[in-house]
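Asker: Please read through the structure below; I'll follow up with questions.
What follows is calculated from the coordinates using simple rules that are stated; it is not laboratory data. Everything numeric here is computed off the predicted structure, so don't read it as measured data. Cβ sites come from the backbone with ideal geometry, for glycine too, and all protein chains shown count toward neighbours.
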Amino acid sequence: MSGEHGWQALLGAGGNPEVEVPHTRARRSTGAPLVILVLASLLLILVANPAASRPASNDPRKQREEVKRQQAEVASQVDTLKATGAEVSKALDALDANVRAQEAALADARLAAEQATADAAAARAAELEAERQLRELRTELQQIAIAAYIDPSESDSVDLLQSASMSDAVVKRALIGLRAGGNLDVTDRVEAAREDLMAEREAADTAAAQAALRTQEVETRLTEVEQARAQQQAFATDVETRLNTALAESANLAALDQQLADQIAAQEAELAARAARAGGRGSGSPFQRGDISLTTVRGITVASSIADELEGLLAAAQADGFVLHGGGYRDPEQQIALRRAHCGPTDYDIYEKPASQCHPATAPPGYSMHERGLAIDFTWNGAVISSRSNPAFKWLAANAARYGFYNLPSEPWHWSVNGS
């Protein structure tokens, strides 16, 4: 062995913490390269599959989130035009609860990510400090060895140096080893510092991987919040469409049953306010101008295209003891006048402004089948058929489809050619 190689063995080549130094006690097992490889593989798997970074399925919080997500999914499928007010309100509750749950999970994920990032920074700082301490100890050990080589104090070291039976390399190695042997505490501290460095490095790598996972979790949660909000907003827009239809129906009912008309308007206005808070947008207007051929059948004016069918239905009902009356066609000019009074004078105010932004809430023209002459609100015994338990409703439910009329489930009195 040359003297140069002896120095490297004792002091460490190029200050690399990975080289061997004298072992004066049992070495701690670091396994750092393997740990880093495993963590890197785990990170790649989790990034590729964000669901894997979520809490386990037996986590109560995860279970609650999943329940709310499923409830929101069911709620989003509710037909706002055919559902009752209570069903629409329940759906809005479910969608709102899901948004709040996802927002809470996002907030938790952000806090966890911030903490993991701080932990990673602290771990990396500890690694750098361990490197600094190891460099200082190696410098100290190097100085001791140099001093032993240049000015050995032991007489036996001088004898060894003068001995012709040994090569210079062996003598130098002996002198260095002799002096180092007198400073075993320094070499022991070097070994301990090297082990500490490897432990700190492993901890820093673990913390960095954890921070990356938490950051990915934030991105996943953010996506879920955006999806929940979009789902809520889409349903709120559907509620706005329902509002237009229901308010138009309320206006049509005013001539038949003012109390029921006011009740519908109040109920729908409350749903509209909730939809507006959820981010619902105006749904535009299907209004189409054009002349409609009208025919009056037993006091009910409808589009001429369905006059024969209505006559057949009324005749069959009378034969079975039910004399039905009601309201059919409603001139859209009446709705236009209401919109001008409640919403504003411009074409946007009349035809496009969301009903919930009018005072009071008023549907745009064109949302009612009555304005096309294709719907009838039936009355029996002088009152609107407002209950599904009403005998006249039961007769219609059993027979109206034979004549091409279908009920809107949320409005027992309302029958049209398409159930809307």
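Asker: Can you give the extra length, in nm with one decimal, that the chain gains between VAL67 and LYS82 once fully stretched, where that is 0.36 nm per residue apart less the Cα-Cα distance?
Answerer: Difference between extended and current length: 2.9 nm.
Asker: THR296 to ALA125: extension gain in nm, 0.36 nm per residue of separation minus the Cα-Cα distance?
Answerer: 52.7 nm
Asker: Using r as the Cβ-Cβ distance of THR346 and ALA273, and R0 as 22 Å, what FRET efficiency do you calculate, to the nearest 0.05?
Answerer: For THR346 and ALA273, the calculated efficiency is 0.40.
Asker: Expressed in nm to one decimal, what extension gain is obtained for the pair ALA337 and ASP93 from 0.36 nm per residue of sequence separation less their Cα-Cα distance?
Answerer: Length difference between fully extended and current span is 84.4 nm.
Asker: Calculate the dipole size of the stretch 289-416 relative to its Cα centre from +1 charges on Lys and Arg beta carbons and -1 charges on Asp and Glu beta carbons; express the result in debye to the nearest 20.
Answerer: In total the dipole reaches around 280 debye.
Asker: For a Förster distance of 60 Å, can you work out the FRET efficiency between the beta-carbons of ASN399 and GLU114, rounded to the nearest 0.05?
Answerer: 0.35
Asker: Counting just the Cα atoms, what span does the stretch 218-259 cover along each of its three principal axes? Round to the nearest Å and put the largest first.
Answerer: Principal-axis extents of the stretch 218-259 (Cα, largest first): 56, 14, 5 Å.
Asker: Let me ask another. How far apart, in nm, are two points set 7 Å out from the Cα along the Cα-to-Cβ line at ILE150 and at SER386?
Answerer: The two pseudo-label positions are separated by 10.9 nm.
Asker: Which whole-number value in Å³ per residue fits the convex hull of the alpha carbons of the stretch 289-416?
Answerer: Measuring per residue, one finds 112 Å³ for the Cα hull of the stretch 289-416.
Asker: Now for a different question. Quick check: pseudo-label points 7 Å beyond the Cα along Cα→Cβ at SER420 and GLN142, how many nm apart are they?
Answerer: Each label point is offset 7 Å from its Cα along the Cβ direction, giving 8.5 nm.
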